[in-house]
2 protein chains.
Amino acid sequence: MLTKKQLIEFCSDARKNYLDHVSIDCVVFGFHEGQMKVLLLRPHDETKWLLPGGFVMRQEPIEMAANRILKERTGLDKIFLQQFFVFGDPDRAKFHHDLYKEMLPDDENWFSNRFLSIGYYALVDFFGVVPQPDQFSATCTWRDLDDMPEFLLDHEQIFKGALDALRLQLNYQPIGYNLMPKQFTMPELQKLYESILGKKLDRRNFQRRILGFGILNRAEQPRKGGAHKAPYLYSFDLEKYQNALTEGFKGGW
Amino acid sequence: MLTKKQLIEFCSDARKNYLDHVSIDCVVFGFHEGQMKVLLLRPHDETKWLLPGGFVMRQEPIEMAANRILKERTGLDKIFLQQFFVFGDPDRAKFHHDLYKEMLPDDENWFSNRFLSIGYYALVDFFGVVPQPDQFSATCTWRDLDDMPEFLLDHEQIFKGALDALRLQLNYQPIGYNLMPKQFTMPELQKLYESILGKKLDRRNFQRRILGFGILNRAEQPRKGGAHKAPYLYSFDLEKYQNALTEGFKGGW
DNA sequence: GCAAAAGTGTTCATGGTACACCCATGG
DNA sequence: CCATGGGTGTACCATGAACACTTTTGC
């Protein structure tokens, strides 16, 4: 738990450095052991959870702010980020305010401000992340996508918005470069899609469809050592992948 | 042109009533005579143009703010609005600041603030709109989509972002209820699509595709009076239309 | 009766869905 | 030697693209 002194210092720094009324919340997706994961924070003395978030410095582009915030939580740089919605309900963020209103009068309490929150989702390499709680949190850790805990504030809504946006992206853009290791097998990539979509896909049709995108290179050597038939290893063709990202796949019209 | 007195009054009101650092810009689409149009403003003593925009009141939901702003520019209520992006470059809005910096010192000039702008696009009934300039503008008028003028600030970028978002929407949602009159012919609806996409479509395939969406009702009586064969009149089946809006069409996966 | 607009139909290629079949490996 | 995982192939259907034909109407 924060001391009053720490809180006062944070609020005075915040007022100096950050834009009023604007915050950023990020839904960070990682992939591990066939499961999509989301990076969450649990505040001190709380059972419910929050998304990693923060504020925008006075002369900082918002995308850079999102990157800075995530660098603090994950240790990662140059994260794949996608802005997807602004949550602008005036009553959306009473949590921190309520939590600290005993300690500070409203006019000194940064959290008594109204905040619009810009929602980003991020796709990151699970193994590259070293989860790091912020000063308000006791824990920062991965949670399974299909086993989300209860959220504080409107963060469930933000999480769901991010998942919807990610699912939409599957329809017209490639996904996976930021989530998978350098090399992977087709069944592993399929697990990624299944985990995002929350449903099983046909093995053979998946393979044809993905290969049809023309963004994968097959390695010469199949993976060895496992039981059963050795699967081929694939990697993303970065140039074609980037091109597909900007061009998009098939647009109905 | 604004007098110094008016400007001072605006700035002091703005500081009292609006959130710092947040603005809203809207790309308003209308359809008339086979052409998509966009509602634009031209400031006093300027040749370049701006999108209709404004600020968010301290206790106002952002969607309500966008509605209020558009009500002032168009006279319309309950507009179809879609949030599509936040423009957050710290240097994005120097125009008004430069324009008025001779009149007011920075600390009294509302426009010396940095503003993030939340981009909305709107689909409206062309005939329902009574364009109304704001106090900074000499003109508020429709401009053809395929003949856009030069913009001030980053408003060209915002306009292009909106058009891209609208084109994307065509792929998975119905469009037209907010833009077309109650009744219309198939060729008229096709013109709408062609104008948005900026390309010709095949008459017959268009018809089958649109009808396949199952959101149109055909009137018993065809339109009379014109030259050539009388076309059928259609109207949107509002219930099915709304359902298609929320459900979306075919999602790739 | 001809040009233009509009409704209806047909063909063909493509892409998705649901399968069947074959290969490799460890127990 | 067989269960399991993994690679490849096929039949079928829906959908989209390209194009032909017919109907109506004013000049």
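The values are calculated or read from the model by the stated rules, or taken from the named source; none is laboratory data. Nothing here was measured: the structure is a model prediction, and the numbers come from that model. Note: ideal-geometry Cβ built from the backbone for every residue, glycine included; neighbour counts use all protein chains shown.
In the set A:ARG73, A:ARG114, A:ARG92, which member is surrounded by 15 or more Cβ atoms within 10 Å (Cβ to Cβ), basic (Lys, Arg) and more than 14 Å from chain B (Cβ to nearest Cβ)?
On inspection, the qualifying residue turns out to be A:ARG73.
Within segment B:111-121, identify whether any single residue is over 20 Å from B:CYS11 (Cβ atoms) and without any contact (Cβ under 8 Å) to a residue 24 or more places away in the chain, and answer yes or no.
Among the residues of segment B:111-121, not one is over 20 Å from B:CYS11 (Cβ atoms) and without any contact (Cβ under 8 Å) to a residue 24 or more places away in the chain, which makes the answer no.
For segment B:233-244, indicate whether the set of residues that are more than 10 Å from DNA strand D (Cβ to nearest atom), under 23 Å from the mean Cα position of the chain (by Cα) and within 14 Å of chain A (Cβ to nearest Cβ) is non-empty.
So far as segment B:233-244 goes, yes, one or more of its residues are more than 10 Å from DNA strand D (Cβ to nearest atom), under 23 Å from the mean Cα position of the chain (by Cα) and within 14 Å of chain A (Cβ to nearest Cβ).
Here is a yes/no grid of residues against (1) within 12 Å of chain A (Cβ to nearest Cβ); (2) within 16 Å of DNA strand C (Cβ to nearest atom):
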{"position": "B:GLY161", "(1), (2)": "yes, no"}
{"position": "B:ARG167", "(1), (2)": "yes, no"}
{"position": "B:ASN171", "(1), (2)": "yes, yes"}
{"position": "B:GLY176", "(1), (2)": "no, yes"}
{"position": "B:GLU188", "(1), (2)": "no, yes"}
{"position": "B:LYS191", "(1), (2)": "no, yes"}
{"position": "B:SER195", "(1), (2)": "no, yes"}
{"position": "B:ASN205", "(1), (2)": "yes, yes"}
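Would you confirm, using the coordinates I've provided, whether B:ILE210 is β-branched (Val, Ile, Thr) and either within 13 Å of DNA strand C (Cβ to nearest atom) or exposed (fewer than 12 other Cβ atoms within 10 Å of the Cβ) (or both)?
It is true that B:ILE210 is β-branched (Val, Ile, Thr) and either within 13 Å of DNA strand C (Cβ to nearest atom) or exposed (fewer than 12 other Cβ atoms within 10 Å of the Cβ) (or both).
Would you be able to say whether some residue in segment A:160-174 is within 16 Å of DNA strand D (Cβ to nearest atom), more than 25 Å from B:PHE84 (Cβ to Cβ) and either surrounded by 18 or more Cβ atoms within 10 Å (Cβ to Cβ) or of a type outside the set (A, V, I, L, M) (or both)? Write out each step before concluding.
Within segment A:160-174, the subset within 16 Å of DNA strand D (Cβ to nearest atom) is A:171-172.
Narrowing the set further to residues that are more than 25 Å from B:PHE84 (Cβ to Cβ) leaves none.
Taking every residue of segment A:160-174 in turn, none turns out to be within 16 Å of DNA strand D (Cβ to nearest atom), more than 25 Å from B:PHE84 (Cβ to Cβ) and either surrounded by 18 or more Cβ atoms within 10 Å (Cβ to Cβ) or of a type outside the set (A, V, I, L, M) (or both).
Name the residues in segment B:42-80 that are of a type outside the set (Ser, Thr, Tyr), over 18 Å from B:PHE115 (Cα atoms) and under 14 Å from the mean Cα position of the chain (by Cα), would you?
Once the filter is applied, which keeps residues that are of a type outside the set (Ser, Thr, Tyr), over 18 Å from B:PHE115 (Cα atoms) and under 14 Å from the mean Cα position of the chain (by Cα), segment B:42-80 yields B:ASN67, B:ARG68, B:LEU70, B:LYS71, B:GLU72, B:ARG73, B:GLY75, B:LEU76, B:ASP77, B:LYS78, B:ILE79, B:PHE80.
Being under 15 Å from the mean Cα position of the chain (by Cα), of a type in the set (Phe, Trp, Tyr) and within 12 Å of chain A (Cβ to nearest Cβ) is true for just one of B:PHE29, B:PHE85. Which residue is that?
Answer to the selection: B:PHE85.
Restricting to segment B:223-239, give me the number of residues that are of a type in the set (D, E, K, R), in contact (Cβ under 8 Å) with a residue 12 or more places away in the chain and within 12 Å of DNA strand C (Cβ to nearest atom).
Qualifying residue count, segment B:223-239: 1.
Give the residues of segment A:123-157 that are among the β-branched types (Val, Ile, Thr), within 25 Å of A:MET1 (Cβ to Cβ) and touching a residue at least 60 places away in the same chain (Cβ under 8 Å), sorted by residue number.
Result: A:THR139, A:THR141.
With the condition kept exactly as written, say whether any residue in segment A:134-147 is more than 22 Å from A:ILE69 (Cβ to Cβ), basic (Lys, Arg) and surrounded by 14 or more Cβ atoms within 10 Å (Cβ to Cβ).
Scanning segment A:134-147, I find no residue that is more than 22 Å from A:ILE69 (Cβ to Cβ), basic (Lys, Arg) and surrounded by 14 or more Cβ atoms within 10 Å (Cβ to Cβ), so the answer is no.
So is A:LEU216 outside the structural domain of A:VAL129 (by TED's automatic domain parsing) and farther than 23 Å from A:TYR121 by Cα or not?
Yes: the conditions hold for A:LEU216.
Sort through A:ILE210, A:ILE196 and tell me the only one that's under 21 Å from A:GLY30 (Cα atoms) and more than 12 Å from DNA strand D (Cβ to nearest atom).
Just a single option satisfies the conditions, and that option is A:ILE196.
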